[in-house]
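Here is the structure we will look at.
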Amino acid sequence: MRAGIAAIVGITWVLATGGVAGQPSWRWPHLPAGIAAPTVPIDNGMNAAKVALGRRLFYDRALSRDGSMACADCHQQSHGFSDGQPTHVGVTGDMGVRNVPGLTNLAWRSGFTWTEAGITSLEAQAMVPMTGTKPVEMGMAGYEAQLTQRLNADPCYRLLFLRAFPKAPDGANYVRVTQALGAFQRTMISFGSPHDRGMLTPLAQKGAAQFAAAGCATCHSGPDLTDGQVHYVGTAALGEADGSLYGGKPLPPGFEPPPEQFRTPSLRNVAMTGPWLHDGQSPSMDAAIRRHAAAQLAGVDMSALLAFLDSLTDPDFLTNKDLGPPPAGCPVNVG
C-alpha cells in the first residue's frame with residue numbers, strides 16, 4: 001500500500017539548488033530509504049555545534065526587541081511548529097497578517113513564506129520575523145547591533161558561537177544568528193506518519209484515492225504534499241472579501257494587501273496546525289477545504305479525505321526531544 005499511496009500523490013523529491021549535498025561531518029537523522037540528503041548552502045555547512053546553537057537561539061526570547069518573543073512562541077512543537085492561533089501579535093502590538101505555518105522538512109525547500117518569491121533559503125527567511133516591519137513581529141529592525149552586543153555579552157553564547165563558527169573569533173553577529181537558526185531548522189525532519197509507514201486505515205486509503213481524484217495532488221504533491229509554488233486559490237487575501245479588514249481588526253499602517261496568491265503549504269502534520277489557510281480564518285480542516293476547493297468536492301467523502309489528512313501526523317516528530325527546548329543552563333563550561 002505504501003508504494004500505491006506514493007503513486008497516488010505523485011511523490012517526487014526535488015532538492016534545493018545552490019549548495020552542497022550533505023556534509024561529511026554531519027549525519028542526517030531519520031532519512032528513510034529513497035530520500036537523498038538535502039542540499040545545504042555552501043556558506044553554511046552543518047555541524048553539531050551549530051545545530052545546538054540554533055536550537056538555543058530558536059527558544060530564546062533575547063532575539064526580540066523587548067525580550068518577550070522567541071521563534072518558538074509562534075512555532076510550537078506540539079502544533080507541528082505552528083501556534084494554534086489565527087495570527088500572532090508582534091512585540092509592538094501589530095496584528096499579524098498571516099497564519100503561522102508549520103515547520104517540517106524545510107531542509108528540502110527552496111521557497112519560504114506565504115507569498116515572497118525572493119526568499120529562497122532558511123537564512124533569508126529568518127530575517128522576516130526578526131527584522132520585518134509589515135507587520136512588526138520580533139521587532140529587531142534597526143536593533144541588529146544591539147542583538148550582537150546582547151549575545152556576545154553572554155559568556156555561554158560567546159563559547160557556543162566560537163564552537164559553531166570556529167573561523168569567526170569575533171563571535172555572534174546577525175548573519176551567524178540566521179545561519180545557526182537555519183542549521184537547526186534543517187533538522188526538523190518528519191517521515192514517521194502512518195502515511196509514511198504504509199499503515200493507512202481503510203477509510204484513509206479511500207481518502208487518499210479521493211485526494212488524487214479531486215485534483216488536490218496537483219498542488220499538494222511530493223513527499224511533503226506541496227509543490228512549493230504560489231497559486232491563486234480563490235480566497236480573500238485578508239479574511240474579508242474586500243481585503244480591508246483582517247479578523248475584524250484594521251490592517252497595520254502601511255500594509256498593502258497582496259494579490260490573492262499564496263504558496264501551497266505542506267500537509268505534513270496538517271491536523272496539528274490549525275486554524276488553517278493563509279489567514280487562519282478556517283477553524284477546521286473541513287472548513288478550509290470547502291473554502292478554497294468547493295468546486296472539486298462533488299462526490300467526495302469528506303470523512304475519508306479527513307482521515308487521510310489525519311494519517312499525515314507524525315507523533316514522534318511532535319515529541320522529539322532534540323527539537324524541543326534545550327536543557328536549562330549552559331551546555332558548555334564557561335569557567
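Derivation of every value follows stated rules applied to the coordinates shown; laboratory data play no part. Only a predicted model underlies this, so the values are computations on that prediction, with no experimental measurement involved. All Cβ positions, even for glycine, are placed from backbone atoms using ideal geometry, and neighbour counts span all protein chains on display.
Points worth noting:
- Estimated from the Cβ-Cβ distance and a Förster radius of 25 angstrom, the FRET efficiency linking ALA124 and ASP66 is about 0.55.
- Here r is the Cβ-Cβ distance between VAL89 and LYS167 and R0 is 35 Å; the resulting FRET efficiency, rounded to 0.05, is 0.35.
- Globularity ratio of region 34-189, using Cα Rg and 2.2 N^0.38 Å: 1.00
- Cα→Cβ-extended label distance, 7 Å offset, between LYS134 and THR201, nm: 4.6 nm
- Placing R0 at 30 angstrom, the Cβ-Cβ distance between ALA36 and VAL332 gives a FRET efficiency of 0.35 after rounding to 0.05.
- Normalising the average separation of contacting C-alpha pairs (under 8 angstrom, six or more residues apart) by the number of residues puts the relative contact order of region 34-189 at 29 percent.
- Per-peptide packing, taken as the mean over residues of other Cβ atoms within 10 Å, places 270-276, 52-58 in the sequence 52-58, 270-276 from highest down.
- Coupling constants for region 167-172 follow from the phi torsions by the Karplus curve (6.51 cos²θ - 1.76 cosθ + 1.60, θ = phi - 60°), and in residue order they are 8, 10, x, 7, x, 6 Hz; glycine and proline get x.
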